[in-house]
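All remarks here apply to the structure that follows.
The values are calculated or read from the model by the stated rules, or taken from the named source; none is laboratory data. Because the structure is a prediction, the values reported are computed rather than measured. Quick reminder, even Gly has a Cβ in these numbers, built from the backbone with ideal geometry, and neighbours come from all protein chains shown.
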Amino acid sequence: MDEENIQILQEKYQESNSLEEQLQIIIQQSNELKLFGESLKELEKRKENEIFASVGKGVYIKSELKERNFFVDVGAGILVKKTPEEAERIIENQVRKLGELKIQLQEMLESLAMEMQDIIRKLEEK
């Protein structure tokens with residue numbers, strides 16, 4: 001019985017670590033989206049048309065804004081034109097969904113922690 005409980009405890013510990021990693025990724029993505037949303041708001045307020053646009057990996061190119069709308073990738077390389085307000089709503093919706101997922105992961109972690117404590121208690125009683 002002890003070996004079985006130890007095995008179950010190890011499995012739950014691994015599951016807990018995996019959930020922790022997922023939680024950290026969700027938190028990071030949420031923070032990045034919030035920062036991106038703030039950048040969009042700043043861009044919307046900006047009066048000048050000249051900006052530095054990222055082309056990736058810390059490389060930027062000086063660009064001139066011809067319009068204030070955005071092109072959003074909706075999958076399969078398809079771009080859809082969105083107003084700044086629509087783009088902000090998309091980001092807010094994504095942040096909300098990540099927040100809901102974060103809560104679910106936290107609840108799962110709490111449940112796992114309680115299960116692990118129960119197993120540890122059983123092992124200590126022997």
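Structural remarks
- Looking only at residues of the stretch 58-81 that are closer than 23 Å to residue 27 by Cα and of a type in the set (A, V, I, L, M), we find that the one that is surrounded by the fewest Cβ atoms within 10 Å (Cβ to Cβ) is 74.
- Considering only residues in the stretch 10-29 that are within 11 Å of the chain's Cα centre (by Cα) and without any contact (Cβ under 8 Å) to a residue 60 or more places away in the chain, the one that is nearest to residue 113 (Cα to Cα) turns out to be 24.
- Residue count, the stretch 82-110 (criterion: surrounded by 11 or more Cβ atoms within 10 Å (Cβ to Cβ), over 18 Å from the mean Cα position of the chain (by Cα) and of a type outside the set (Val, Ile, Thr)): 3
- All of (1) of a type in the set (Gly, Ala, Ser); (2) in contact with a Lys or Arg (Cβ under 9 Å, 6 or more places away or on another chain); (3) at pLDDT below 90 hold for residue 54 with one exception: (2).
- One residue alone among 124, 115 is surrounded by 13 or more Cβ atoms within 10 Å (Cβ to Cβ) and either over 19 Å from residue 24 (Cβ atoms) or touching a residue at least 24 places away in the same chain (Cβ under 8 Å) (or both), and that residue is 115.
- Count of residues meeting criterion [among the small types (Gly, Ala, Ser) and touching a strand residue (DSSP E or B) at 6+ places or on another chain (Cβ under 6 Å)] in the stretch 41-84: 3
- Exclusive hit being out of contact with any helix residue (DSSP H, G or I) (no Cβ under 9 Å at 6 or more places or on another chain), assigned to a loop (DSSP other than H, G, I, E, B) and either surrounded by fewer than 15 Cβ atoms within 10 Å (Cβ to Cβ) or at pLDDT 95 or above (or both), set 11, 38, 48, 32: 48
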